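Comments concern the structure below.
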Amino acid sequence: MPRPRLTRLELQILDILWTRGDASIREIQEAFPEPRPAYTTIQTTVYRLETKQAVRRARKISNAHIFEPLIARQDARRRLLDEVLSFFGGQALPMMAQLVEAGKLTRGDLRTIEKAIETHEQQGQARAERPVESKRRRQGRSRR
């Protein structure tokens, strides 16, 4: 399923559903801090999310429909990150420089990022080695 483009309000609604679990429109609206968006604004936005196949009606309790998210938080984050990166020509370095200039990225953050890159590279190497091993096993079995 293609990842839909989501507005800020749609992401806020999905965040409530990811955090709290399935909820009615009223429960979603009440989860917003004051001043809350109007009930009808939340209702319209949830229906748009339903059209985008980002949420679905899980069940009905009395007159209230209970909605659940259909897209994972990680998928929405990836889509949003791809959109942000597109403003920087698809490159992370200009975005990182902008974060540094804005005071949003610290040396501690960079150390954490370096560790994450090392872990990612190690996992990538482990994945790259597995198919070769299994291919050798298959070839060994076919020779017998």
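Are any residues in region 43-70 under 20 Å from Ala31 (Cα atoms) and β-branched (Val, Ile, Thr), and if so, which ones? Within region 43-70, Thr44, Thr45, Val46, Val55, Ile61, Ile66 meet the criteria.
Has region 21-29 got any residue that is at pLDDT below 95 and closer than 19 Å to Lys60 by Cβ? Yes, because at least one residue in region 21-29 is at pLDDT below 95 and closer than 19 Å to Lys60 by Cβ. Given the structure, is Pro4 of a type outside the set (Val, Ile, Thr), out of contact with any Cys (no Cβ under 8 Å at 6 or more places or on another chain) and buried (at least 17 other Cβ atoms within 10 Å of the Cβ)? Answer is yes for this residue.
Looking across region 7-37, the residues that are buried (at least 17 other Cβ atoms within 10 Å of the Cβ), over 20 Å from the mean Cα position of the chain (by Cα) and in contact (Cβ under 8 Å) with a residue 24 or more places away in the chain come down to Ser24, Ile25. Apart from one condition, Ala54 fits all of (1) touching a residue at least 24 places away in the same chain (Cβ under 8 Å); (2) farther than 17 Å from Gln12 by Cα; the exception is (2). Inspect all residues belonging to region 80-97 and state whether any of them is touching a residue at least 24 places away in the same chain (Cβ under 8 Å) and outside the structural domain of Ile28 (by TED's automatic domain parsing). Checking region 80-97: at least one residue is touching a residue at least 24 places away in the same chain (Cβ under 8 Å) and outside the structural domain of Ile28 (by TED's automatic domain parsing). Per the conditions (1) modelled with pLDDT of 95 or more; (2) within 25 Å of Leu81 (Cα to Cα), the sole criterion not satisfied by Thr40 is (2).
The values are calculated or read from the model by the stated rules, or taken from the named source; none is laboratory data. Not measured: the values here are computed from a predicted model. Using ideal geometry, Cβ is built from the backbone for each residue, glycine included, and neighbour counts are taken over all protein chains shown.
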